[in-house]
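**Q** Below is a structure I'd like to ask you about.
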Amino acid sequence: MTDAAQRPAPARTPELFPLGHAPRPADGADLAARIRAALADELGGRAAGLDQASVTAVLDGADIASADIDLSGVVLRLDEATALSGPADGHVPGTAAGAAADAAKRWTPDVVRREPGTLRRVRVDAHPLVAVDLPVDITAELDGLRFDWVEGSDGRVGVQPVEPTGAHPVSGHVRIAAEKAGLVATARGLLAVVLQQQGVTLTGLDVDLVSQGPRAAILRVDAGVKKGVFLSARVQATASVSIDANMVLAVRDVQLASGNPLVAALLGTVKGRVEAATSRDIDLAKQLPDGVRLADVRLDVGKHLVVSARLADAGLDVGPHDAVSARPV
C-alpha cells in the first residue's frame, strides 16, 4: 500500500466499507469470509438466512478478479413495531436524527495507507430474495469497478469505491423481477402503515399496471380510505410512464378523482403541485456519473413486473438509435 498523503483526495469522498483487521485479505477465501461478515454487520437482525448465502471471490494482487454473491433464500424483514412507531432509539430513517445515527455507525478512520485496485467482475444473484414478504428475483453483473484498499489508523482495513469516469467506465446489466400481485400486496401493507400514522385507515387498494411497449406503461390505482366515523371515500389515480430512446423518464396524464365531494375538493387543491412535479422530465443518463452510461432500459409487465437495464460497454458510443436497438437484458 502507498502512504495516504501521497494520493490526492477525491472531490467527493465515497463511503468506506470495513472488512476486518489489517492487512487486507490474503486470498479469495479470506475476502469471501470478510464480505459475508460485513453483510451480517450491515443487515444485523433485519436479515435471516445469511448463513446460507454463497460468497466466492478470486484475488489477483490488489485486484479482485471476480466476486460472486448469491443471496437466494435470504429474507429481509421490516419490523412492524419499528414501522409503526419508529426504532426504540428514536432514530427514524430519513430524519435528521436518523441521518446522524447512520453517520455514527459509519467507518470514518484516519486513512494511513491506500492501494488502488479494480473489481473486474462482480455478480449478484437472488432467486429469489424475500424483501418485506415480497419474493424478488435479481441478477446483476458489473465489470470494471475501481476502488482503493484503505487502512485506517484504528488497525482495520476496508475498501473505498472510486467513481467511474469516461476514461474508466463501468459496464454490465441488471434484471429485477417480482410478481405483480405480490407487489400490490406489499404496497398495500406499507401504505396502510403510513396512513395509519396519519389517522387514516386504508380499506382497500387495487393497482393495475398495463404495458404499452418495452419502455412504457399506464398505471391505475383505486384506493379506499377512511378517517374517523364520518369520512369514507375511494380515490382513483391514473398516470402514464415512459422512457424514451434518450433515456428520459416522463410521467404524463396524471388524473386524481374521488366520488366523495370533500375528498375531490382536497384532491383539487394538490392538482397544481402534482402537475408541476410531473411536468419535469428526468434525464436518467444525466443522473449517473460520467463513467456509467445507460444503453437500454426495459419494463415488461405481465404476471410479473420485470425491470432490466444494460450499461454501455467500454468504448461504445451510445446515441438514441443505439439505445433503441440495444439488445434486451
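**Q** How much length would be gained if the chain were fully extended between Ala33 and Ser211, taking 0.36 nm per residue of separation minus their Cα-Cα distance, in nm to one decimal? Intermediate results must be reported in sequence, preceding the final value.
**A** On the way: separation 178, 0.36 × 178 = 64.08 nm, distance 4.27 nm.
Stretched out fully, the Ala33 to Ser211 stretch lengthens by 59.8 nm.
**Q** Using the 10 angstrom Cβ neighbour count as an exposure proxy, how do Glu115, Glu151 rank, fewest first? Write out the running numbers ahead of the final one.
**A** On the way: Glu115 16, Glu151 21.
The fewest-first ordering by Cβ neighbours comes to Glu115, Glu151.
**Q** Moving on. Would you mind ranking Arg77, Arg280 by Cβ crowding within 10 Å, fewest neighbours first? Present the calculation step by step, with values, prior to reporting the outcome.
**A** On the way: Arg77 15, Arg280 8.
Arranged by neighbour count, lowest to highest, Arg77, Arg280 become Arg280, Arg77.
**Q** While we're looking at this one, here's another question. Based on the inverse mean of 1/r over its pairs of different Cα atoms, what is the Kirkwood hydrodynamic radius of segment 247-315, in Å? Mind dumping the intermediate values first?
**A** Values: mean 1/r = 0.0655 Å⁻¹.
Here the Kirkwood hydrodynamic radius works out to 15.3 Å.
**Q** Any idea how far apart Val270 and Thr56 come out in nm if each label point goes 7 Å out from Cα toward Cβ?
**A** The modelled label-to-label distance comes out at 5.0 nm.
**Q** Spin-label point model (7 Å from Cα, Cβ direction): what's the Leu43 to Thr201 distance in nm?
**A** Calculated label separation equals 3.6 nm.
**Q** Give me Ser54, Ser66 sorted ascending by neighbouring Cβ count inside 10 Å, so fewest comes first.
**A** Values: Ser54 13, Ser66 17.
Fewest-to-most ranking of Ser54, Ser66: Ser54, Ser66.
**Q** At what distance in nm do the modelled label points of Ile176 and Lys105 sit from each other, each positioned 7 Å from its Cα along Cα→Cβ?
**A** Going by the 7 Å Cα→Cβ label model, 1.9 nm.
Here, each number is a calculation from the coordinates, and none is a lab measurement. The model shown is predicted, which means the values in this text are computed figures rather than measured ones. Because the Cβ atoms are built from the backbone with ideal geometry, glycine has one as well, and the counts that use them run over all protein chains shown.
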